[in-house]
1. Given the criterion open to solvent by less than 10 Å² (accessible area, probe 1.4 Å), assigned to a strand (DSSP E or B), closer than 16 Å to Ser198 by Cα and in contact (Cβ under 8 Å) with a residue 40 or more places away in the chain, identify the matching residue among Thr240, Thr212.
2. What are the residues in segment 318-367 that are in a strand (DSSP E or B), within 25 Å of Met1 (Cα to Cα) and in contact (Cβ under 8 Å) with a residue 40 or more places away in the chain, if any?
3. Out of the residues in segment 113-123 that are open to solvent by 50 Å² or more (accessible area, probe 1.4 Å) and within 54 Å of the chain's Cα centre (by Cα), state the one that is nearest to Asp64 (Cα to Cα).
4. Write out, first by first residue and then by second, each pair whose Cβ atoms fall under 7 Å of each other, whose residues are 6+ apart or on separate chains, and whose first residue, in segment 138-153, is farther than 19 Å from Arg26 by Cβ and hydrophobic (A, V, I, L, M, F, W, C) while the second is crowded, with 17+ Cβ neighbours inside 10 Å and modelled with pLDDT of 95 or more.
5. Taking segment 309-359 on its own, how many of its residues are hydroxyl-bearing (Ser, Thr, Tyr) and either over 26 Å from Asn292 (Cβ atoms) or at pLDDT below 95 (or both)?
6. Could you check segment 270-286 and list, in sequence order, the residues that are under 22 Å from Gln340 (Cα atoms) and in a strand (DSSP E or B)?
7. Please tell me if Ala342 is touching a helix residue (DSSP H, G or I) at 6+ places or on another chain (Cβ under 7 Å) and closer than 23 Å to Ser358 by Cβ.
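The values are calculated or read from the model by the stated rules, or taken from the named source; none is laboratory data. Computed from a prediction, not measured in an experiment: that's the story for all the values here. Ideal geometry is used to build each Cβ from the backbone, glycine not excepted, and the neighbour counts take in all protein chains shown. All accessible areas refer to the heavy atoms of the entire protein, side chains included, with ligands and DNA or RNA removed. Shrake-Rupley method; radii C 1.70, N 1.55, O 1.52, S 1.80 Å.
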Amino acid sequence: MIPVAQALEGLFALTRVMDIEEVPLRHAAGRVLAQTVTAQRTQPPFAASSMDGYALRRAEVEPDAMFKVIGEAAAGHRFDGIVKAGQAARIFTGAPVPEGADFVVIQEDVTRRGNLITLGHNIGDKDNIRPAGGDFMQGTPMAAPRRLRPADIALLASMNIARVPVYRKPVVAILATGDELVQPGETPREDQIIASNSYGLAAMLDGLGAETRLLPIAADTAPALMRSFELAQGADLIVTIGGASVGDHDLVAPVAAEMGMEQSFYKVAMRPGKPLMAGRLGTSAMIGLPGNPVSAMVCGTVFVAPMIRAMLGLGQNAAPRITAPLAQDIPANGPREHYQRATITDGAITPEARQDSSLLSVLAGANALLVRPPHDPAKPAGTLVEAINL
């Protein structure tokens, strides 16, 4: 068995960063920006009013001062005249400030009669003008790599960038194996269960930006597994679930080896998830996950998710960890790194009482994995520990 950190290094060695493609801005949300882009224009491109009011000269602002209104400026409709001494222009939020004006008096501080306005007594010093380039200037960069959030999409649109260079989505073929499995919605025999791991992993990896393909469940025979591996050809990553151990019906490793897989490692010193296998099959990276549902999902979080992030150009980093105080005493850990299902409530973390790797209901009720190093001693409540958010 190898340590988790060494296994992760081996998995990163199997990955490559995806090619770059351009997509319309409308379809760029959630994608990873692959190249730094720069603003095509200045925003705002002109000094603009931040309030509804009247544009005039600051030097003439004083209580009871009177001005003649000579025009109007609205968003998308500038006033082309020049504001001179004793003059003002009606202006609305977002409109360009007319030439000659350098101050906007808000409408609540003005009394208007016909084309004449009179200033009030509590105007203040704020000019109510947004300067040209106050948000960004032409040429301002948006640095890559970064996963594009809704706010980033809005900024790109404001920068007048209609097409965005992003990393191609890695194609992940997910293959569940086992005679005991049937698809959700089917009627299992008394000795069968519903396939769940592939759906949970697909949801996880889709959310990270992969393009997942769920292959048909492979029976526990060499010909069935060979057909499934043939269907997976062309994927950037093949993820198998189950059949990676050493039992009489665990055929993934020997069949993959027969088809030319170059094995990187087998077995990791962790709980849950010990029977983990990785290698390369043709042009595809391959990782074989345990069949127990919680084991598969935990390994997805610890290993597969970092692989996807690396393939999307976000760096070769382990799953990010947080620290939290223990809400209760915990006993010593054994010889393997343990990823315990846990709940963080009011900032403190509590491991679940039941840690069996078949209990999906426990995993679904958890919001974190409490990470216990090998041979970690017993710890009292209040001790800071590391965890991975779920």
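1. Criteria check complete, one pass: Thr240.
2. Within segment 318-367, Glu337, His338, Tyr339, Arg341 meet the criteria.
3. Checking each candidate, the answer is His121.
4. Note: pairs meeting the criteria are Ala144/Leu33; Ala144/Ala34.
5. 4
6. Across segment 270-286, the qualifying residues are Met270, Arg271, Met277.
7. no
For every residue, the table says whether it meets (1) more than 23 Å from the chain's Cα centre (by Cα); (2) modelled with pLDDT under 95; (3) more than 21 Å from Asp127 (Cα to Cα).
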position	(1), (2), (3)
Met1	yes, yes, yes
Leu11	no, no, yes
Gln40	yes, no, yes
Phe46	yes, no, no
Ala73	yes, no, no
Ile82	yes, no, no
Gln87	yes, no, no
Val97	yes, no, no
